[in-house]
Structures are given as structure tokens and as C-alpha cells.
Amino acid sequence: MQPTPLAPCTQPAPPRPPEPRAVLLTGAAGGVGTHMRELLPAYGYALRPLDARPVPGAPEAVVADLADRAALREAVRGVDAVVHLAGIALEAEFDAIVAANVTGLQHLYEAVREEGVRRVVFASSNHAVGFSPRPRRGEPPLPVATPHRPDTFYGLSKAFGEDLAQYYWDRHGVETVSVRIGSCQAEPESVRMLSTWLSPADCARLFHAALAAPEVGHTVVYGSSANTRAWWDLGSARALGYAPEDDAEAFAERILAAHGRPVPGSAEDLYVGGDFCADPPRLAR
Ligand code: 15L
């Protein structure tokens with residue numbers, strides 16, 4: 001007996017889920033990096049973690065220093081984008097800051113250019129504009145286009161990083177979203193952070209928007225949650241598709257009871273960079 005021929009399939013094949021986009025995550029062992037390793041894969045990213053030290057729980061991570069150009073080039077090979085969190089994230093000796101956040105950043109961008117990676121999400125910082133007066137109640141939020149007013153060598157290196165990103169876009173067509181991150185940690189811990197907090201979940205939303213937006217050239221955004229007391233204009237972040245969901249106000253009562261208001265005339269009272277403008281936390285030697 002002849003086998004009955006199969007009826008032609010009239011159903012279209014179900015759409016395949018899109019391939020996860022490969023993203024190099026530098027600084028993967030740090031505070032923000034640890035949150036992003038946990039949260040970004042849910043948005044469809046296959047992360048390649050990199051850090052100068054071994055990454056706990058990620059034996060596959062690339063262990064490489066930003067001084068190692070060959071290792072960086074190999075690390076960026078084949079990825080769709082880089083989320084660059086590596087470098088020094090507090091105040092430190094000028095030479096150390098330059099090695100990690102200036103020279104190291106240029107090494108990263110060279111590797112990106114050489115390997116044809118299209119986009120970088122650069123962890124800039126609010127400390128690039130830290131000496132800007134903090135907006136008072138009823139005043140407009142600080143625009144992205146405000147002049148750089150770094151509060152530390154660290155903030156100065158982030159201001160440089162934004163210019164480096166602009167240069168690599170104008171000269172080489174490498175796209176960047178420079179994110180002036182506020183205070184990205186599980187919960188706000190000070191009165192200032194009621195304005196500057198970026199919840200880890202909102203940080204992942206913002207990085208996803210920065211990675212997924214169709215064309216960004218070089219775009220600078222502030223990174224904070226939808227805080228009732230926010231200081232920064234989130235317009236350029238929202239234009240990328242960022243829709244923050246958290247608000248530090250949920251912690252306000254507890255924090256104000258514990259800390260009271262900032263002393264009038266203190267750095268925390270006057271400037272968006274807070275303590276960084278007077279007595280910055282420093283990298284342990
Ligand atoms: C930063 O840029 C630091 O890396 C981080 O440790 C926080 O201090 C944050 O800014 C902040 O402004 O709270």
C-alpha cells in the first residue's frame with residue numbers, strides 16, 4: 001500500500017523567537033554589573049561578562065584589565081553592543097583615574113571600532129555635572145545640555161568619556177548612549193538619593209532602551225528613577241523608550257526620620273554631586 005501523502009501544510013511556521021543579542025558587559029563584578037547580570041537577560045540579551053577580577057558565579061567571564069588591548073579586542077569580537085561599566089567608580093589618585101577611565105576607555109573604543117561593534121552604552125555619572133546647583137522645589141530639572149561641572153577627578157574622567165563618545169560617533173560612526181547614572185543601588189540611603197536613586201530594575205529598563213533604540217548617534221541621558229524629588233530632566237532617556245517605574249519617595253519617611261534635612265549651605269544641600277563636592281568617597285588604596 002502506498003503511504004498517504006501528507007497534506008500540504010497551510011499553517012505558517014510559528015515565528016521563531018529572536019536570537020538573543022550578544023552584549024559585552026564590562027565591570028560585571030561591580031555593584032551595577034552584578035544587578036545587570038541578573039536583570040538584562042530577561043530582555044533577550046546574551047551577556048558576555050568581563051571584569052579585571054573573577055566574576056562570582058560566572059566562571060565563563062573574561063578576566064581582563066582595560067590596559068590589555070589584545071584581550072579587549074578579543075572580548076568585543078562578535079558582540080552586537082557593549083555595556084561599559086568598568087573603570088574606577090569613586091574618587092582616586094589622578095594617575096589611577098586616567099589609567100582606567102581615560103586610557104582604558106580609549107582602548108575599549110578602539111577595540112569596538114576595530115571589530116565593527118555598532119553601539120556602546122557608557123556608564124557616565126552625575127558627577128560629570130556634580131557642581132551644578134541642585135534644582136530647588138518648583139525649579140526646572142537640570143537639562144542634559146548643562147555644561148560639564150565635574151566635582152572630582154572621577155567626574156572629570158566621565159566628562160572626558162562623554163567627549164570621547166562624541167568623537168567616536170563623529171569620526172568613526174560608533175554609536176553611544178552616555179548614561180549619567182545617579183545612585184544605582186537596591187534602596188536609597190540618604191536624603192540626596194531621594195532625588196538621585198536609580199533602582200536596579202529601572203537601570204535595566206534604561207540600558208535596554210539604550211540598546212534597543214533604533215538610532216542614537218551620541219545621546220546623553222540622566223539615569224534616575226521616576227523620583228518625586230528628581231533633579232534631572234529624563235526627556236532624552238524617555239525619547240529612547242525609557243519608562244521608569246520606581247520612585248524613591250516610598251523610602252522618604254524612613255530616610256528623613258533617620259537623617260533629617262541636609263545642613264543649609266552644605267555640599268549636600270547645594271550641589272547635585274552632594275558629598276563628592278566636599279569630601280568624596282575614595283577608592284581604598
Ligand atoms: C557614582 O558615580 C558612584 O559610582 C556611586 O558610587 C555613587 O556614589 C553615585 O555616583 C552617586 O552619586 O550616588
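The values are calculated or read from the model by the stated rules, or taken from the named source; none is laboratory data. From a predicted model like this one, the values you see are computed outputs, not experimental measurements. No Cβ is skipped: glycine too gets one built from the backbone with ideal geometry, and neighbour counts run over all protein chains shown. For accessibility, only protein heavy atoms count, side chains too; no ligands or nucleic acids. Shrake-Rupley method; radii C 1.70, N 1.55, O 1.52, S 1.80 Å.
Assorted remarks:
- Segment 43-149, accessible area per residue, ligands and nucleic acids excluded (1.4 Å, Å²): 46 Å²
- Three-way shape label, segment 46-118, alpha-carbon gyration tensor, a/c 1.5: oblate
- Rg [Å, one decimal], Dmax [Å, integer] - segment 233-285, C-alpha atoms: 15.4, 41
- Phi to ³J(HN,Hα) by Karplus 6.51 cos²θ - 1.76 cosθ + 1.60 over segment 249-255, Hz, x for Gly, Pro: 4, 4, 9, 4, 4, 4, 5
- Counting only Cβ charges, +1 for Lys and Arg and -1 for Asp and Glu, the dipole size of the chain around its Cα centre is about 320 debye.
- Normalised by the number of residues in segment 163-285, the mean separation of alpha-carbon contacts (under 8 Å, six or more apart) gives a relative contact order of 24 percent.
- Positive end of the dipole of segment 42-199 (Cβ unit charges, origin at the Cα centre): among Ala71, Ser195, Gly138, the Cα lying farthest that way belongs to Gly138.
- The residues of segment 176-266 present an accessible area of 39 Å² per residue when probed at 1.4 Å with all protein chains retained.
- Cβ crowding within 10 Å averaged over residues, with 229-235, 139-145, 258-264, 74-80 ranked highest first: 229-235, 74-80, 139-145, 258-264
- Only Lys, Arg (+1) and Asp, Glu (-1) charged, at Cβ; segment 43-161 dipole about Cα centre in debye: 540 debye
- Alpha carbon centroid spacing (whole Å) that separates segment 86-106 from segment 228-285: 23 Å
- The string of couplings for segment 47-62 from the Karplus curve (6.51, -1.76, 1.60, θ = phi - 60°) is 8, 10, x, 9, 7, 6, 10, x, 9, x, x, 9, x, 7, 4, 7 Hz, one whole number per residue in order, with x for Gly and Pro.
- Rg over Rh, two decimals, segment 147-232 (C-alpha only, Kirkwood Rh): 1.00
- What a 1.4 Å probe finds exposed on the chain is 55% carbon and sulfur by accessible area, rounded to a whole percent.
- Counting every alpha-carbon pair across the chain, the share separated by more than 30 Å comes to 31%.
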